[in-house]
């Protein structure tokens, strides 16, 4: 049994916490391009490089597309690779995100979640990463700077696990987390270095008929990123789906391994329930909203309302069973989306949560709240109104308006 | 670099095992396939190859087969240079950390004209500006052949392609071929060269120079495509020769910004009477067929004029005194 180690309390903004985690994680290559609100990550990391505090090649690329290409190729060469982006930058990477997962390159990326143009907006919402939900990346969302720090360190362990070998993106809400100073407990350097370890590679059969580690190595030539047609492409894709399924267990394992050294865990790593045991009404959300929502739940509980919260920490792979069992006794659920799926009858989280609840024995009422687009602030009183609506739904015995907009100008 | 220039004989090259293997699915008479084989004959040790999407990527890597006897990576169309950046960065740091055994690994990036002139130019320019140590090879078959012969920035003036057809009103591609090698020279990079597979020793020497130089090197290789050019597959290498003899594609190199003609083009500069008319090269290629009809006369003259102007400019750049034939 490992012991929780002594940690240093640091005042860090979310971006700084990410950069600090990357600094400690023995990363070989960082290829990145600046974009608000991610910029602090690359700026801070550049300082570490300039001051000789890291053994990392920093490739200051000319676009996010190249950032992702260089991260994939560095990873294929055997390096541990990291990048960071947001909004338009993530959209520009779109093509390469599928290549990263398809090449089974365990790249780790921080996404300082930000709205997509047009109109241009630099503030936080989840439109950017939600638009990439089918790109084959594991997606995790942080509630605060501490979780951003912890999740980045965990992400390397998850991505590089031989049963997974998939890229991981960790979302932190633009400005709300990226630029907000918080207290963060940081593990000692050597503890993180030991936790992340040195990258391991699966042995695969090469064309020369030998088994060799899966990377570009002149000692064992291997063709990576080939063309695969009607006769093989489908199997490649099915294997990615299996890796996603495997990730459900690996994320939980890494969460509990990490808890042993840090004393911190985030539910089971996939979802984190708050006051759900006896909750009748509950909300589901991602990211920083969960923090505010917890205080709202506390207040409601004081007032005798059986309110609860489910924080979806891992969105890909979608923790179907974990969500079902967390919501087992809940009678009305509000699903929060900081993103629109235009013409899609609700936001993406709503679609998926309502979908997975179709098969449960006693389906709760489900309502969608779209909120916070373009960084619009969401107040505790607005969040409280969600629970009040859920109570009305229970009283009325039906959902009158399944898709609602919170804090929208009339 | 010039002090210890690599010397090789034909026998050396013949005996060196191929790294770009036979069995690939390139067309009969494919210029790029010959170019690739020759280039891989010039490697000097452990090498990693990365390649943009394109004909040669497709014909050489159909899973579960491969023509590559070296580690090889493809990611996308516009990423040959950004892939090379990541590979080179990874090799550098992993060497430092003792995680790779090789003393040095060369990195070669291949891309066609689409992946270089057009969609890949941003990544190429960025990688060169950052000074990564790699050789970028442009195999130029002068159109998007993989997708069915669409015009690119590398397609020459007047050529008919499926997106610049020779019609009743518009006689093929109106725009001029982008001077890509000059653009690369303008990056003030250590080594830029053009080469033709007919002059295979010149090509091989330039590949080796590009690998030996510290920092980025750019090699523009002329690569005839019988399918796209509507030309006789048996004549691909002949066209590679004619392109140089007509000065449509002169061969030269720029070492640290110092530009000089390579021997085949130098011979033309020294004996201008030997400079062949462009018609000798254009004739027989279906993509230029319309130039040889009565209404194509002006276009043919234009191509000759543009070729001459570009040749004169190149002579000046190389410090050659233009001589009249």
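The values are calculated or read from the model by the stated rules, or taken from the named source; none is laboratory data. Since this is a predicted model, take the numbers as computed values, not measurements. A quick note on method: Cβ atoms are made from the backbone with ideal geometry, for glycine too, and the neighbour counts reach across all protein chains shown.
Taking the range B:79-102 only, how many residues are touching a residue at least 12 places away in the same chain (Cβ under 8 Å) and more than 7 Å from every other protein chain (Cβ to nearest Cβ)?
4
Matching residues to (1) touching a strand residue (DSSP E or B) at 6+ places or on another chain (Cβ under 7 Å); (2) more than 21 Å from residue B:19 (Cα to Cα):
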| residue | (1), (2) |
| --- | --- |
| B:48 | yes, no |
| B:77 | no, yes |
| B:90 | yes, yes |
| B:147 | no, yes |
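Residues are listed down the side, and each one gets a yes or a no for (1) touching a strand residue (DSSP E or B) at 6+ places or on another chain (Cβ under 7 Å); (2) within 27 Å of residue B:291 (Cβ to Cβ); (3) part of a helix (DSSP H, G or I):
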{"site": "B:163", "(1), (2), (3)": "yes, yes, no"}
{"site": "B:182", "(1), (2), (3)": "no, yes, yes"}
{"site": "B:188", "(1), (2), (3)": "no, no, no"}
{"site": "B:208", "(1), (2), (3)": "no, no, yes"}
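Considering only residues that are without any contact (Cβ under 8 Å) to a residue 60 or more places away in the chain and not in a loop (DSSP other than H, G, I, E, B), which ones fall in the range B:242-257?
B:242, B:243, B:244, B:245
In this structure, is residue A:94 surrounded by fewer than 21 Cβ atoms within 10 Å (Cβ to Cβ) and either in contact (Cβ under 8 Å) with a residue 40 or more places away in the chain or within 14 Å of another protein chain (Cβ to nearest Cβ) (or both)? Spell out the reasoning first.
On the way: surrounded by fewer than 21 Cβ atoms within 10 Å (Cβ to Cβ): yes; either in contact (Cβ under 8 Å) with a residue 40 or more places away in the chain or within 14 Å of another protein chain (Cβ to nearest Cβ) (or both): yes.
Yes: the conditions hold for residue A:94.
Taking the options A:25, A:66, name whichever one is facing chain B (nearest Cβ under 7 Å) and buried (at least 19 other Cβ atoms within 10 Å of the Cβ).
Values: A:25 fails: facing chain B (nearest Cβ under 7 Å).
Only one candidate qualifies: A:66.
Mind listing whichever residues of the range A:37-63 are within 8 Å of chain B (Cβ to nearest Cβ) and more than 20 Å from residue A:189 (Cα to Cα)? Outline the logic, then answer.
Applying the first criterion (within 8 Å of chain B (Cβ to nearest Cβ)) to the range A:37-63 yields A:55-57, A:59-63.
Across the range A:37-63, the qualifying residues are A:59, A:60, A:61, A:62, A:63.
Since residue A:110 meets every condition but one in (1) within 23 Å of residue A:146 (Cα to Cα); (2) assigned by TED's automatic domain parsing to the domain that holds residue A:195; (3) outside any strand (DSSP E or B), which condition does it not meet?
All conditions are met except number (3).
For the range B:47-69, name all the residues that are more than 8 Å from every other protein chain (Cβ to nearest Cβ) and within 18 Å of residue B:13 (Cβ to Cβ).
Hits for the range B:47-69: nothing passes.
Mind listing just one residue for me: the one in the range B:103-132 that is more than 11 Å from chain A (Cβ to nearest Cβ) and in contact with a strand residue (DSSP E or B) (Cβ under 7 Å, 6 or more places away or on another chain) and, of those, farthest from residue B:239 (Cα to Cα)?
Among them, the one singled out is B:108.
Take residue A:349 and tell me if it is in the same structural domain as residue A:308 (by TED's automatic domain parsing), buried (at least 18 other Cβ atoms within 10 Å of the Cβ) and assigned to a helix (DSSP H, G or I).
Working: in the same structural domain as residue A:308 (by TED's automatic domain parsing): yes; buried (at least 18 other Cβ atoms within 10 Å of the Cβ): yes; assigned to a helix (DSSP H, G or I): yes.
Yes.
Out of (1) in the same structural domain as residue A:106 (by TED's automatic domain parsing); (2) surrounded by 15 or more Cβ atoms within 10 Å (Cβ to Cβ), what's the single condition that is false for residue A:218?
Unmet condition: (1).
Just to be sure I understand, how many residues within the range A:230-286 are in contact with a strand residue (DSSP E or B) (Cβ under 7 Å, 6 or more places away or on another chain) and within 14 Å of chain B (Cβ to nearest Cβ)?
The total comes to 0.
When the range A:262-296 is examined, which residues are found to be part of a helix (DSSP H, G or I) and touching a helix residue (DSSP H, G or I) at 6+ places or on another chain (Cβ under 8 Å)? Walk me through it before giving the result.
Taking the range A:262-296 first, the residues part of a helix (DSSP H, G or I) are A:262, A:289-296.
If the condition is that a residue be part of a helix (DSSP H, G or I) and touching a helix residue (DSSP H, G or I) at 6+ places or on another chain (Cβ under 8 Å), then A:262, A:289, A:292, A:293, A:295, A:296 are the ones that fit.
Of the residues B:75, B:50, only one is closer than 17 Å to residue A:105 by Cβ and under 20 Å from the mean Cα position of the chain (by Cα); which? Lay out the reasoning, then the answer.
On the way: B:75 fails: under 20 Å from the mean Cα position of the chain (by Cα).
Result of the check over B:75, B:50: B:50.
Criterion first (farther than 27 Å from residue B:186 by Cβ, in contact (Cβ under 8 Å) with a residue 12 or more places away in the chain, more than 7 Å from chain A (Cβ to nearest Cβ) and within 18 Å of the chain's Cα centre (by Cα)) does residue B:44 satisfy it? Reasoning before the result, please.
Numbers: farther than 27 Å from residue B:186 by Cβ: yes; in contact (Cβ under 8 Å) with a residue 12 or more places away in the chain: yes; more than 7 Å from chain A (Cβ to nearest Cβ): yes; within 18 Å of the chain's Cα centre (by Cα): no.
In short, no.
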